[in-house]
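What follows is a short report on a single structure.
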Amino acid sequence: MSSSATFRIWRGDAKGGEFRDYQAEISEGMVVLDAVHQIQARQANDLAVRWNCKAGKCGSCSAEINGFPRLMCMTRLTDLPLSEVVTIQPLHTFPLLKDLVTDVSWNFRVKKTVKRFTPRPADAADGSWRMAQADVERIQEFRKCIECFLCQDVCHVLRNHRLMDQFAGPRNFVNVANLEMHPLDTQNRLPDLKDRHGIGYCNITKCCTRVCPEEIKITDNAIIPLKERVVDEHYDPVTMVLGKIFSGFRGKATTAAKR
Amino acid sequence: MAEYDEHQHDVLVIGAGGAGLRAAVEAAAAGVSVGIVCKSLLGKAHTVMAEGGVAAAIGNVDERDNWQVHFADTMRGGAYVNNWRMAELHAKEAPARVKELEAWGAVFDRTPDGRILQRNFGGHRYPRLAHVGDRTGLEMIRTLQDRVIYDKVDVFMEFTVVDLLRDGDRVVGALGYDRERGAFHLFKCKALVLATGGIGRVYKVTSNSWESTADGIGLAYRAGAELIDMEFVQFHPTGMVWPPSVAGILVTEGVRGEGGVLRNKLGKRFMFDDIPPLYRNQTADNEEEGWRYTQGDKNARRPPELLTRDHVARCIVREIREGRGSPHGGVFLDIAWIKERIPNAAEHIKRKLPSMYHQFKKLADLDITKEPMEVGPTTHYAMGGVRVDADTQMSTVRGLFAAGESAAGLHGANRLGGNSLSDLLVFGQRAGEHAAKFAKQNPAGRIDPQQVEDITRRALAPFEHASGGTGESPYAVQRELQESMQELVGIVRTEDEMHQALEKIRKLKERAQRVEVDGNRMYNPGWHTAIDLRNLLVTAEAICRCALERKESRGAHFRVDYPERDERFGKVNMVTRPGRDGSAEVRMEPIREMPAELRQIIEAMK
């Protein structure tokens, strides 16, 4: 490994900016965030970067490294061709605040539009529930999400088509899947998924799954099952006819789908 | 006059980790208006890093467990200088606080009959930690976050509070800035809850994130509140040591709970060499029994790797200092060895410790199912902090509350693993409840414009000093403080070194007055670092002065010049407050007499 490398970092804000080159000393085991910190401490005190745990657990330091959406704290320099310049730029999908920091507040606002967790009455007199490990494991996968928003960044519906007002994005679908498949939950979020959250826009290119640092199978395990439920509920001719005859039927169908 | 935006709430919570979120939920439920200010985005606070689990005597795995045993374990772990009332409330209320998380959507791992599963952890007599693999903190913070967003709580993300505002003997607001624009904000409130977390950034090697700059301690201290137990800093025995860029990152105690063992370079399980008398009755004296304990044998005693953190950390330091350490200055933590005992060990490890597997694979290129890890002590937790009333969590200043790691008392001289997550639930709830009550009972106070002016002027001083890069760098001051504290006031302490540290801190305080920053106020980390320095420095000074006064070794506080426990110090706490000359003043204060029924519980379980 060479003893130094060049990092081309985006500097600027909403009004404009440019890439600037910095040299950083390289030591064994370094990750991209270490290089950014070193540049910040020695050459550019005001270089803005969002980070927290530095261990891939909080999902703060998302950026595009050599054009690929990644966590800076989990990208080792040994995995990059250091003979070439390493380019680091902010997430493309969200409005730029400064340097490597973007305004990701839209994600938090969309989350609020998802109907909240609503448990069934407790199973035991002491107010607790009984759930099998096998049943909780399915949603524990979704609950691993660290909200780094890399999946939102890479999704073309948001990145290229900018459908923020019609489409909730993979992160929010993972959250909805977590709630819909929660063994205790009694809510029905399928009409919202179809209309308000625009799940139909997803054409399962699986880009989100590819960038997920928690290796959640977003498309296969969250989005596709949700799409199937939406189809079952809204386009199944038998359900539609029966639903018109018995107004209470739809609720029961949803409960059955949850199992 | 400085410009600022104004906000008004009945209760203002500073910090959105577990304690702050839990306090906000409770205050909102009481019907008062609530604001919550956090340095990062919602859900990123340090609670997210908690791995092993949350301690609560639910008794799902071992029905012999109850609040009395949890109370006795906590007091023993804290070497009996804990606030016994907090330890009592904590042990009694933790089960209800954990169960209610499930009603809010949390999904803990399950027992075969579908209840919350509990695991073994250091210092806990029975399997007591409710958990989700090794990402319990993420589960808790997400559950609380996803509740708070539906409540009537105003969330101020990426805001930092610079100082509190007082009206006579009472706190009535806070002055802060937003990172995005660097603009000032005045938060008026009737009651204020500090839930600012830890102090890890006082030291060089720490498991804490950049946020843990002891803000709550600095804010409370400058507002005139007393601190307590500042000498007790927990060094977690197992942090990563290699590669250098990840040094300090936590390796969960859960590894040892699942059967992981500590070895020196000779391959010896050195923890069997030194088992403290107080724990001899409940510690296995052979490898076979220790293994059976980790596999759930209720008749087996726990392996010595699961002794309290202070003791394990000191044993590791001993091995390293005496030349029996691993190649990169740690010792070996081996979970891969369990393949000799169970089939499909690799799969088992990945299922029980997924984020540890992931962390080592990604950051150290090491497969923990095949090879031992290298680990060493890392600064992890402050037992000390803002002095609070056990029942209400109010500090010695009216209207100012504190909860979680920024408050003190529950853990005494050493915290048991798992007790921090239960701490933040139990006392976050109490702080929220009593802050709301205080807000209902008291009218709004008066904001003094002079205080606002002074705070903003001080905050902007680093820009005034700007000389184009020839002056003092905030990063340099921070780094030197961290290095001094690491070297001079770490796991092993002596009078002479601590005096050196105090002298160093005095000089750094002067230099901190002169730090300069480049650029403008927009999202400027140099400026933020400059502002955080004040909190780090006052905390470092308090740690030093209290550690000098405690002329004994107890819990996490170990002095080579006074290596034994001294019972005279077993009945006192160190209390810190601002002295007249601007330096921290420390006094010894007797611990209140424990009621007979609590004393009997401790005696019965010795």
Of the criteria (1) over 25 Å from B:Tyr150 (Cα atoms); (2) more than 7 Å from every other protein chain (Cβ to nearest Cβ); (3) surrounded by 19 or more Cβ atoms within 10 Å (Cβ to Cβ), which one A:Val110 fails: (1)
In the stretch A:1-59, residue surrounded by the fewest Cβ atoms within 10 Å (Cβ to Cβ) [restricted to those that are among the aliphatic types (A, V, I, L, M) and over 24 Å from B:Met240 (Cβ atoms)]: A:Ala14
Identity of the residue in the stretch A:90-105, in contact (Cβ under 8 Å) with a residue 40 or more places away in the chain and surrounded by fewer than 18 Cβ atoms within 10 Å (Cβ to Cβ), that ends up nearest to the other protein chains (Cβ to nearest Cβ): A:Pro95
Considering residues of the stretch A:183-222 that are among the polar types (S, T, N, Q) and free of Cβ contacts under 8 Å to residues at least 60 places away in the same chain only, the residue surrounded by the fewest Cβ atoms within 10 Å (Cβ to Cβ): A:Asn203
Unmet requirement for B:Val132, which otherwise passes all of (1) facing chain A (nearest Cβ under 9 Å); (2) of a type in the set (A, V, I, L, M, F, W, C); (3) not in a loop (DSSP other than H, G, I, E, B): (3)
Residue within the stretch B:522-538 that is touching a strand residue (DSSP E or B) at 6+ places or on another chain (Cβ under 8 Å), surrounded by 19 or more Cβ atoms within 10 Å (Cβ to Cβ) and away from chain A (no Cβ under 14 Å) present: yes
Boolean, B:Leu186 is more than 8 Å from chain A (Cβ to nearest Cβ), outside any loop (DSSP other than H, G, I, E, B) and touching a residue at least 24 places away in the same chain (Cβ under 8 Å): yes
Criterion (at the interface with chain A (Cβ under 9 Å from one of its Cβ atoms) and crowded, with 24+ Cβ neighbours inside 10 Å) met by exactly one of B:Ile141, B:Ile116, B:Ile149: B:Ile116
Hits in the stretch B:357-389 - residues which are surrounded by fewer than 20 Cβ atoms within 10 Å (Cβ to Cβ) and either among the β-branched types (Val, Ile, Thr) or under 27 Å from B:Arg166 (Cβ atoms) (or both): B:Thr369, B:Asp389
Hits in the stretch A:124-143 (condition: assigned to a loop (DSSP other than H, G, I, E, B) and either more than 8 Å from every other protein chain (Cβ to nearest Cβ) or at pLDDT 95 or above (or both)): A:Ala124, A:Ala125, A:Trp129, A:Arg130, A:Met131, A:Ala132
Within the stretch B:280-397, strands (runs of 3 or more DSSP E) holding 1 or more residues that are touching a Phe, Trp or Tyr at 6+ places or on another chain (Cβ under 8 Å) and closer than 30 Å to B:His557 by Cα: B:331-334, B:373-382
Inter-residue pairs, beta-carbon under 6 Å, first without any contact (Cβ under 8 Å) to a residue 40 or more places away in the chain and in the stretch A:120-147, second part of a helix (DSSP H, G or I), 6+ apart: A:Ser128/B:Lys99; A:Arg143/A:Asn178
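Going by the structure shown, is B:Ala30 under 28 Å from A:Ala124 (Cα atoms), more than 14 Å from chain A (Cβ to nearest Cβ), among the small types (Gly, Ala, Ser) and under 19 Å from the mean Cα position of the chain (by Cα)?
When the stated conditions are applied, B:Ala30 does not pass them.
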Qualifying residues in the stretch A:40-59 (those that are within 16 Å of B:Arg521 (Cα to Cα) and of a type in the set (Gly, Ala, Ser)) - the one farthest from the other protein chains (Cβ to nearest Cβ): A:Ala44
Residue within the stretch B:299-307 that is at pLDDT below 95, under 25 Å from the mean Cα position of the chain (by Cα), aliphatic (A, V, I, L, M) and within 25 Å of B:Tyr381 (Cα to Cα) present: yes
Number of the condition not met by A:Ser62 [criteria: (1) polar (S, T, N, Q); (2) touching a residue at least 12 places away in the same chain (Cβ under 8 Å); (3) facing chain B (nearest Cβ under 10 Å)]: (3)
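The values are calculated or read from the model by the stated rules, or taken from the named source; none is laboratory data. Fair warning: this is a prediction, and the values are worked out from it, not measured in the lab. No Cβ is skipped: glycine too gets one built from the backbone with ideal geometry, and neighbour counts run over all protein chains shown.
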